[in-house]
Amino acid sequence: QVQLVESGGGLVQPGGSLRLSCAVSGSRFSTHSMGWYRTVPGKERELVALITSRRDTNYADSVKDRFIISRDNAKNTVYLQMNNLKVEDTAVYYCGDHIEGRWYWGQGTQVTVSS
C-alpha cells in the first residue's frame, strides 16, 4: 500500500522561502517519477515540478528559477524548495508518485503566502 505524507507547509510572507517534504512508503520509490502539484479553489490541479528516476527535472513556467525539486532515494523522500514566494503561489501542494501510469497522492499541505 503506497502512502505519501507531505509536510513543511505554512504561512510565509512574499519573498520568503519554504521547503516541502514528502515521505513515501510502500513504493519502489527510486524507480518512479515523483511530482509536486498544487490546487487552488476553482482551478485545475497544476503540475509544479517533476523529477524522474534519473533525476531529470521539469518545472511549470510560473515557478522556474524559484523552485527546486530534489529526491533522496535513501530516505524515500522528495523535496520542493520554494524561494521568492509570491502571493499567487498560495495553494494546497500535493506530492505524487507515478506508478505504472497512475498517480498516487498524499493528503496535501497548505502553503499561504501573505503579508
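Scanning region 21-36 for residues that are touching a residue at least 60 places away in the same chain (Cβ under 8 Å) and assigned to a strand (DSSP E or B) returns Cys22, Val24, Ser33, Met34, Gly35, Trp36.
So that you can scan it fast, the table gives a plain yes or no per residue for (1) open to solvent by 60 Å² or more (accessible area, probe 1.4 Å); (2) in a loop (DSSP other than H, G, I, E, B); (3) at pLDDT 95 or above:
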| residue | (1), (2), (3) |
| --- | --- |
| Pro14 | yes, yes, yes |
| Arg19 | yes, no, yes |
| Pro41 | yes, yes, no |
| Arg54 | yes, yes, yes |
| Asn58 | yes, no, yes |
| Lys64 | yes, yes, yes |
| Ile69 | no, no, yes |
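Applying the criterion of being over 16 Å from Leu20 (Cβ atoms) and among the β-branched types (Val, Ile, Thr) to the residues of region 76-101, the residue that is least open to solvent (accessible area, probe 1.4 Å) is Ile99. Can you confirm whether Tyr94 is at pLDDT 95 or above, closer than 25 Å to Ser25 by Cβ and outside any loop (DSSP other than H, G, I, E, B)? The answer is yes for Tyr94.
Take Val5 and tell me if it is open to solvent by less than 60 Å² (accessible area, probe 1.4 Å), closer than 15 Å to Gly106 by Cβ, at pLDDT 95 or above and not in a loop (DSSP other than H, G, I, E, B). I'd like the intermediate steps shown before the answer.
Working: open to solvent by less than 60 Å² (accessible area, probe 1.4 Å): no; closer than 15 Å to Gly106 by Cβ: yes; at pLDDT 95 or above: yes; not in a loop (DSSP other than H, G, I, E, B): yes.
Considered against the rule, which asks whether it is open to solvent by less than 60 Å² (accessible area, probe 1.4 Å), closer than 15 Å to Gly106 by Cβ, at pLDDT 95 or above and not in a loop (DSSP other than H, G, I, E, B), Val5 comes out as no.
With respect to the conditions (1) open to solvent by 20 Å² or more (accessible area, probe 1.4 Å); (2) modelled with pLDDT under 95, Phe29 falls short on a single one, namely (1).
The values are calculated or read from the model by the stated rules, or taken from the named source; none is laboratory data. Please read these numbers as outputs of a predicted model, since none were measured by experiment. FYI the Cβ positions are ideal-geometry reconstructions off the backbone, even for glycines, and counts take in every protein chain you see. In case anyone asks, the SASA skips ligands and DNA or RNA and just uses the protein heavy atoms, side chains included. Shrake-Rupley method; radii C 1.70, N 1.55, O 1.52, S 1.80 Å.
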